[in-house]
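Here is the structure we will look at.
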Amino acid sequence: MDTSEVAMMLNMSTSWVYREASKLGLKGYKLGRGRNAKVLYKRTDIFKWLEQQKIH
């Protein structure tokens, strides 16, 4: 998933995803170089993090 998809899924901004990704344990995979490089995240990592956020 790209950054905008992750942001939409979490109902957060793309800047929040960029800033918080490492804190959340989401490893980004950069495609390309420079400012226009696309960052992708594994869908399984996102769902794993979401599962950990459940209130029991």
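If you go through the range 38-56 and pick out every residue that is within 17 Å of the chain's Cα centre (by Cα), exposed (fewer than 10 other Cβ atoms within 10 Å of the Cβ) and of a type in the set (A, V, I, L, M, F, W, C), you end up with 0. Candidates in the range 22-33 are the residues that are in contact with a strand residue (DSSP E or B) (Cβ under 7 Å, 6 or more places away or on another chain) and open to solvent by 90 Å² or more (accessible area, probe 1.4 Å); of these, the one that is nearest to Leu50 (Cα to Cα) is Lys30. Taking each residue of the range 34-52 that is touching a residue at least 24 places away in the same chain (Cβ under 8 Å) and looking for partners that are in a helix (DSSP H, G or I) and β-branched (Val, Ile, Thr) with beta-carbon atoms closer than 7 Å, six or more apart or interchain, yields Val39/Thr3; Tyr41/Val6; Ile46/Val6. Apart from one condition, Gly34 fits all of (1) at pLDDT 90 or above; (2) over 14 Å from Asp2 (Cα atoms); the exception is (1). Within the range 3-21, the set of residues being of a type outside the set (A, V, I, L, M, F, W, C), open to solvent by 40 Å² or more (accessible area, probe 1.4 Å) and over 17 Å from Glu51 (Cα atoms) comprises Ser4, Glu5, Ser13, Thr14, Ser15, Tyr18, Arg19.
The values are calculated or read from the model by the stated rules, or taken from the named source; none is laboratory data. Computed from a prediction, not measured in an experiment: that's the story for all the values here. Reconstructed Cβ throughout: ideal geometry from the backbone, glycine too, with neighbour counts over all protein chains shown. Surface accessibility is based on the protein's heavy atoms, side chains included, excluding ligands, DNA and RNA. Shrake-Rupley method; radii C 1.70, N 1.55, O 1.52, S 1.80 Å.
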